[in-house]
Amino acid sequence: MADDKDVLRDVWFGRIPTCFTLNQDEVTEREAEPYYLLLPRVSYLTLVTDKVKKHFLKVMKAEDVGEIWFEYEGTPLKWHYPIGVLFDLHAFNTVLPWSITVHFKNFPDQDLLHCSSNSVVEAHFMSSIKEADALKHKSQVINDMQKKDHKQLWMGLQNDKFDQFWAMNRKLMEYSTEEEGFRYIPFRIYQTMSDRPFIQKQFRPVSPEGKVHTLGILLKEMYPAAIPNEGEQKRYQAVIHGIEPLLETPLQWLSEHLSHPDNFLHICIIPVPTD
């Protein structure tokens, strides 16, 4: 892959200032102070909120504590989506810090997956990486890795170790010189306006005629409303890691540099604010 390490670093170290407050319906022995944290965009809520949990447990009795879950303005937050995706999808045009409500009861089974331990997050994360490599290299790279290599990817993410993670992940971002990129680009397009969780289809980085596919070409095919017609006002923003990349950006470059650690390019389609 093109060695654009500064971009990879900027993506990895992206943080969202967040204020966690305990839901007012929770039973506490004394008032619970809010807890502030810089959340890593590339991680998962259940992986980085141990301190949040400990903070609120200090004011609660053990019998009042069930499985922790998080909510923003009435929407339960899916822990299996990367934190940056959750923010861009639900809170992109809001004032910081991001205000998240913490719950210890009434777990919304119909909206959220249970997460009893970090091993559940690890299983989800590794499953995504394997799915992405099936699209990129017919699973050849991930299958050639040893168990300890898989563990290195996970530990790099869990412990926020950029070099440890990328020493292994760069293998998943390579392709041979005779190829013009990955077999297919692993991507997911999210929008809050739909009941469908996300759009995911097979899409090549280069057309059969050799034309480089860009972000604009992908959106035009997968979510045409995101591209305004000539003379039309722009209605949607296509956001990746909190920025709007140029529609002319090649998908292959985006996949190599702006994918999350799970190796997917997560694209959020959000309405342009009207005020």
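The values are calculated or read from the model by the stated rules, or taken from the named source; none is laboratory data. The structure presented is a predicted model; accordingly, all values stated were derived computationally and were not measured. Cβ atoms come from the backbone with ideal geometry, glycine included; neighbour counts cover every protein chain shown. Accessible surface is based on the protein model in full, side chains and every heavy atom, while ligands, DNA and RNA are left aside. Shrake-Rupley method; radii C 1.70, N 1.55, O 1.52, S 1.80 Å.
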- Message: Here are the criteria: (1) out of contact with any Gly (no Cβ under 7 Å at 6 or more places or on another chain); (2) of a type outside the set (S, T, N, Q); (3) in a loop (DSSP other than H, G, I, E, B). Tell me which single one Val42 does not satisfy.
- Response: (1)
- Residue count, region 239-255, condition out of contact with any Ser or Thr (no Cβ under 7 Å at 6 or more places or on another chain) and either assigned by TED's automatic domain parsing to the domain that holds His80 or open to solvent by less than 10 Å² (accessible area, probe 1.4 Å) (or both), comes to 4
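Let's see how each residue does on (1) on the phi > 0 side of the Ramachandran plot; (2) surrounded by 19 or more Cβ atoms within 10 Å (Cβ to Cβ); (3) touching a helix residue (DSSP H, G or I) at 6+ places or on another chain (Cβ under 8 Å):
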site: Glu31; (1), (2), (3): no, no, no
site: Leu39; (1), (2), (3): no, yes, yes
site: Val42; (1), (2), (3): no, yes, yes
site: Thr46; (1), (2), (3): no, yes, yes
site: Val52; (1), (2), (3): no, yes, no
site: Glu67; (1), (2), (3): no, no, no
- Message: I need a count of the residues in region 110-128 that are of a type in the set (Val, Ile, Thr) and under 14 Å from Leu153 (Cα atoms).
- Response: 1
- Task: From the list Ser207, Ser176, Ser117, Ser194, pick out the single residue that is out of contact with any helix residue (DSSP H, G or I) (no Cβ under 8 Å at 6 or more places or on another chain) and open to solvent by less than 20 Å² (accessible area, probe 1.4 Å).
- Result: Ser207
- Query: Name the helices (runs of 4 or more DSSP H) wholly within region 118-221 that hold at least 1 residues that are more than 21 Å from Ser43 (Cα to Cα)?
  - Reply: 118-137, 140-144, 147-158
- So, in region 204-243, of the ones that are at pLDDT 90 or above and among the β-branched types (Val, Ile, Thr), which residue ends up nearest to Pro271 (Cα to Cα)? Val239
- Message: Given the criteria at pLDDT 90 or above, farther than 24 Å from Gln252 by Cα and surrounded by fewer than 16 Cβ atoms within 10 Å (Cβ to Cβ), does Lys105 qualify?
- Response: no
- Query: Hey, any hits in region 76-93 for a residue that's of a type in the set (Gly, Ala, Ser) and either surrounded by fewer than 16 Cβ atoms within 10 Å (Cβ to Cβ) or not in a helix (DSSP H, G or I) (or both)?
  - Reply: no
- Are any of the residues in region 1-15 closer than 15 Å to Ile100 by Cα and either assigned to a loop (DSSP other than H, G, I, E, B) or open to solvent by less than 30 Å² (accessible area, probe 1.4 Å) (or both)? no
- Could you tell me which of the residues Arg170, Arg188, Arg204, Arg183 is outside the structural domain of His90 (by TED's automatic domain parsing) and within 18 Å of the chain's Cα centre (by Cα)? Arg188
- Give the residue that is nearest to Phe125 (Cα to Cα), with candidates limited to residues of region 141-167 that are under 20 Å from the mean Cα position of the chain (by Cα) and among the acidic types (Asp, Glu). Asp160
